[in-house]
Structures are given as C-alpha cells and as structure tokens.
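The values are calculated or read from the model by the stated rules, or taken from the named source; none is laboratory data. On a predicted model such as this, the values are computed, not experimentally measured, just so you know. Counting neighbours? That spans all protein chains shown, and the Cβs are built from the backbone with ideal geometry, glycine included. When the accessible area is computed, the model is the full protein with side chains, heavy atoms only, and any ligands, DNA or RNA have been set aside. Shrake-Rupley method; radii C 1.70, N 1.55, O 1.52, S 1.80 Å.
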Amino acid sequence: METTLLRSFSFLAAELSPIFLTNFLATTVLVIAAALYFHFRSKGIYLIDFTCYLPPDSLRVPTSNFIEHIEISGMHDRESVDFQTKVLERSGIGAESCMPITVHEIPPYSSLKATRNETETVLFTIVKDLLSKHKINPKSIDILVSNCSLFSPTPSITSMVINKFGFRSNIKSINLSGMGCSAGILSISLAKDLLKVHKNCLALVLSMEAVTPNGYGGRMKSMLLPNILFRMGGAAILLSNRKQDKRIAKYELQHLVRTHIGSDDEAYQSVFQQPDEAGHVGVSLSRALLRVATKALRSNMSELGPLVLPYSVQLRYAWSVICKKLWFLPSKKGIYVPNFKKALEHFCIHAGGRAVIDGIEDSLKLHKEDGEASRMTLHRFGNTSSSSVWYELCYLEAKGRLKKGNRVWQIAFGSGFKCNSAIWKCISDIDPTKRNAWSDCIHFYPTQNDTLN
C-alpha cells in the first residue's frame with residue numbers, strides 16, 4: 001500500500017512543474033496566514049463609555065418662563081405667542097429642560113461668539129468628564145468625529161476640541177454638519193468604518209446641536225416649532241477596536257443600518273431650513289413629517305429585520321407579504337408587523353417630540369413602557385437633537401434596566417430624510433449607582449402623567 005502511494009506521489013511530482021508546485025505552496029501559505037490573521041485580530045467595535053451633558057439649574061426653562069420671555073421680547077405677535085404656548089403645553093417637555101444663557105436674555109442675543117461659547121461649554125465639559133473618568137491621555141485618541149447640524153464654524157468644532165485638549169497632530173478628525181437629528185448614529189457609523197480600517201485605535205465621537213443661533217422670530221407656524229422643542233445638550237462617546245478593551249467596555253456594536261429617502265421630494269422638504277416671506281431664517285417642520293418618518297422607518301426595518309429577527313418572525317412576515325400580493329389576505333388585516341421585542345430588549349427612540357414617539361411606538365406595535373426612556377428624556381432634557389438617543393440609554397442605565405446580554409435599538413431620524421439604527425449588545429454588568437446625567441433626578445421618573453399620556 002505504501003509503495004503504491006509513493007509511486008503515485010512520485011508520478012504526480014514528475015508530471016507537475018517546479019513552478020506550479022512553488023505557486024501552489026505559496027498560495028497555501030498565504031491562505032493559511034490570512035485565515036490566522038482574520039481569526040486572531042479584534043473584529044469588534046466596543047463602546048467603552050459615554051457621557052451626557054448636564055446643564056446647570058440656572059439655565060432651566062419652565063413653561064411659564066418661556067411664555068413670559070417670548071411675550072416680553074416683542075419678537076412675536078399675539079397669534080404666534082398663543083400658538084407656541086399651546087404647543088409647549090402639549091409637548092411633553094418639562095420644567096427642567098435648559099437653554100443656553102443668551103436665549104434667556106431679552107431680546108435673545110445671537111452671535112458667532114455666543115454660539116462658540118455654547119459649543120465649547122457643552123463639548124469641553126463632556127470630553128473632560130469622559131477622559132478623566134477613564135484616565136485617558138488625550139494624545140491616545142486616534143480618531144475624532146463631531147456632528148453639529150446648524151453650526152459649522154471655521155476653525156471646525158473638532159479643531160476646537162483638538163486645541164483645547166492637545167490631541168496629537170496625526171489624529172484623524174472629521175466634522176459633520178447639516179445632517180440633522182440622526183447625525184449621532186451617522187457619526188458612530190463613520191467612526192465604525194474608520195475603526196475597521198485602522199486597527200488598535202480609540203475613537204471619540206461628539207454629538208450636539210447649537211441652540212443659540214437658531215431661534216426663529218417670524219410668524220410661520222411650521223418654523224416656530226423648533227423654538228419650542230429644541231434644548232441644550234450633547235454627548236461624548238468613546239469607542240475602541242482594541243481586543244483588550246472588551247473587558248472594560250459596556251457595549252459591543254452588533255449592527256448599524258442607515259436609510260436615506262431624500263430622492264422623494266416630500267421627504268426631502270419635510271425638515272427644511274429656509275427664509276420666510278419676511279426674510280426670517282428658520283427650520284420648517286412640515287405636516288408630512290410623521291408620515292415621512294414612518295416611511296423611512298419601514299425601509300430601515302426591512303434591512304435591519306433579517307439581521308436581528310428570529311427566522312420564525314421573518315417567515316411570518318414574508319408569508320403575509322405573499323398573501324397580500326396574491327389577494328389572499330383581507331384588506332383590513334394588512335401586512336404583519338414583525339415583533340422586534342422577540343429580538344431586542346430595549347428601545348431608544350429619538351425624542352423629537354411626543355407625536356414622533358407615539359408614531360414610532362404605533363408603527364412598531366410597542367407598549368408604552370418600551371418608549372419610557374424616550375418620553376422621560378423629552379420631559380427632562382427636551383429634544384437635544386442628535387444626542388437624545390444617548391440620554392435615553394443613560395436613563396436605562398440609571399434605572400438599572402440593562403443586563404448583560406441585553407440588546408438595545410437606537411432609532412434616530414433627521415433631515416434629508418434619514419432614519420438610522422444602531423443595535424448595541426450589553427457585554428458587562430452596568431452599575432446603576434454610577435453617576436451620570438440622570439443621577440440627581442432619576443428617583444422622580446417615570447412621571448405619572450407622561451407615562452399615561
């Protein structure tokens with residue numbers, strides 16, 4: 001038997017040329033080396049920690065103060081004041097939400113310097129808190145991504161932070177603007193892509209919106225809404241692709257799905273910055289906004305569903321679509337809405353307003369308690385734009401809701417129109433007693449009125 005095998009091998013070796021054997025062996029070695037490389041390298045994107053900005057109590061804007069302020073300022077006529085009063089009283093925003101100091105002045109004062117001061121106050125505070133908490137040298141940060149939709153100064157916001165904290169000269173920094181309230185997840189997406197390319201790196205992501213320069217003084221109701229909803233806030237998020245950081249990280253990024261339906265005119269114009277007839281510049285929120293958001297969410301879900309849902313749920317959804325197409329399904333019943341609660345334990349819906357939260361809960365067939373973090377964030381901090389989903393995650397931590405192995409779905413919407421989703425898996429035991437933006441008031445929440453309404 002051995003003699004036969006040796007003869008066969010000798011025959012093959014004689015038939016094959018030395019060049020072929022050399023190429024074959026080289027290819028084999030390369031394949032094995034590549035397999036070992038991909039096996040041993042760190043593939044995960046880890047969220048080590050994050051910090052949300054907590055404004056001082058002196059910047060609070062109770063409803064009575066807000067109404068009195070717009071009446072005394074003389075910027076609005078009676079009809080505009082009454083409209084803003086009516087919307088604010090139904091908005092779900094509580095008395096603890098804050099606005100920057102210049103908005104408290106009469107009349108409100110807006111300038112490049114004042115806006116820069118607001119931006120520096122928010123970002124410098126949260127960056128310092130996050131880095132000092134983990135004893136991280138600023139020079140160890142490899143990637144810096146910031147997003148602020150309506151304030152894009154020169155030098156950029158990332159340059160402000162680099163100058164303040166002395167980041168090293170070869171840091172990869174990117175500043176995003178004009179991306180709306182969904183930019184927080186978009187920034188995570190960009191940081192993720194950079195971390196996939198550059199190994200053994202730390203990435204710092206900063207999300208905020210400047211309130212100072214964006215007050216609207218005209219009479220268009222659709223452009224008065226941002227005056228009422230938006231509040232001061234921001235978040236700093238520390239990401240890593242280093243294998244050793246997995247043991248100290250809170251979460252691991254499982255999936256990130258981005259959807260942009262801007263090719264549709266109605267969606268594109270649903271959140272639009274423009275001047276009114278009198279020349280006052282503001283951001284218009286159209287009546288079609290909720291319909292557009294629902295459409296964007298459906299598109300996003302169709303891509304996210306196969307990544308997270310059990311096969312049984314996916315098959316049921318596919319069957320309902322087939323039956324609908326073939327007219328087997330009664331028109332009143334409609335297509336089956338997948339139950340994402342079978343795959344995900346927690347939901348952080350962008351706190352864009354009470355109507356937005358209600359609409360998304362209805363679209364996803366969620367219970368009121370599933371939207372609790374979003375409603376309470378809206379009540380305590382208002383709409384903080386791109387950072388709102390981080391205040392919501394912070395709320396869940398402070399409440400002790402997050403357990404190791406739980407998965408969280410962050411859902412963000414923004415102008416364009418965009419819907420971005422991030423799925424995080426909790427990979428550590430979260431200590432609810434650790435101080436964060438909710439620590440001083442978490443025992444007051446959930447508020448009874450906002451839970452029921």
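Accessible area of Arg291, 1.4 Å probe, to the nearest 10 Å²?
140 Å²
Compute and list, largest first, the equivalent-ellipsoid semi-axes of the stretch 131-253 from the alpha carbon gyration tensor, each √(5λ) rounded to a whole angstrom.
31, 16, 13
So if each residue of separation counts as 0.36 nm, and I subtract the Cα-Cα distance between His134 and Gln244, what length gain in nm does that give?
Here the segment from His134 to Gln244 would lengthen by 38.2 nm.
Relative to the present Cα-Cα distance, how much length would full extension add between Asn170 and Lys86 at 0.36 nm per residue of separation?
Result for the pair: 25.1 nm of gain on full extension.
Measure up Lys341/Lys404; Lys128/Lys243; Lys135/Lys164; Lys243/Lys342; Lys113/Lys418 against 20 Å on the Cα-Cα distance and list the ones that go over.
Cα-Cα > 20 Å for Lys128/Lys243; Lys243/Lys342; Lys113/Lys418; rest within.
For the residue pair Leu112 and Ser286, what label-to-label distance in nm results when each label sits 7 Å from Cα along the Cα-to-beta-carbon direction?
Roughly 3.3 nm, to one decimal.
If you count, for each residue, the other Cβ atoms within 10 Å and average over each peptide, how do 352-364, 165-177 line up from highest to lowest?
The most tightly packed comes first, giving 352-364, 165-177.
Under a point spin-label approximation (7 Å from Cα along Cα-to-Cβ), what is the Glu71-Lys221 distance to one decimal in nm?
The modelled label-to-label distance comes out at 2.1 nm.
Okay, which of the stretch 336-364 sit inside 14 Å, backbone N to the point 7 Å along the Cα-Cβ direction of Ser312?
The answer is 339-343, whose backbone nitrogens lie closer than 14 Å to the label point.
Would you compute the Debye intensity of the chain from its alpha-carbon atoms alone, equal scatterers and no solvent, and pass along log10 I(q)/I(0) at q = 0.09, 0.10 Å⁻¹ to two decimals?
Normalising to I(0) and taking log10 leaves -0.62, -0.75.
On the full set of protein chains, 1.4 Å probe, figure out the accessible area of Tyr336 and give it in Å² to the nearest 10.
50 Å²
What is the chain's relative contact order, in percent, from Cα pairs under 8 angstrom and six or more apart in sequence?
Relative contact order of the chain: 20 percent.
According to a simple spin-label model (label point 7 Å from Cα along Cα-to-Cβ), what is the distance in nm between Lys196 and Phe272?
3.4 nm
Output the 0 to 90 degree angle, nearest 10, between the alpha-carbon long axis of helix 183-197 and the longest principal axis computed from the alpha carbons of the chain.
Approximately 20 degrees, to the nearest 10.
Using a probe of 1.4 angstrom, how much of the accessible area of the chain is carbon and sulfur, in percent?
Here carbon and sulfur together make up 57 percent of the probe-accessible area.
When all protein chains stay in place, what accessible area (Å², nearest 10, 1.4 Å probe) is found for Thr212?
We get 10 Å² for Thr212.
Per residue, how many Å² of accessible area does the stretch 45-444 show with a 1.4 Å probe? Write out the running numbers ahead of the final one.
Numbers: 17700 Å² over 400 residues.
I get 44 Å² per residue for this part.
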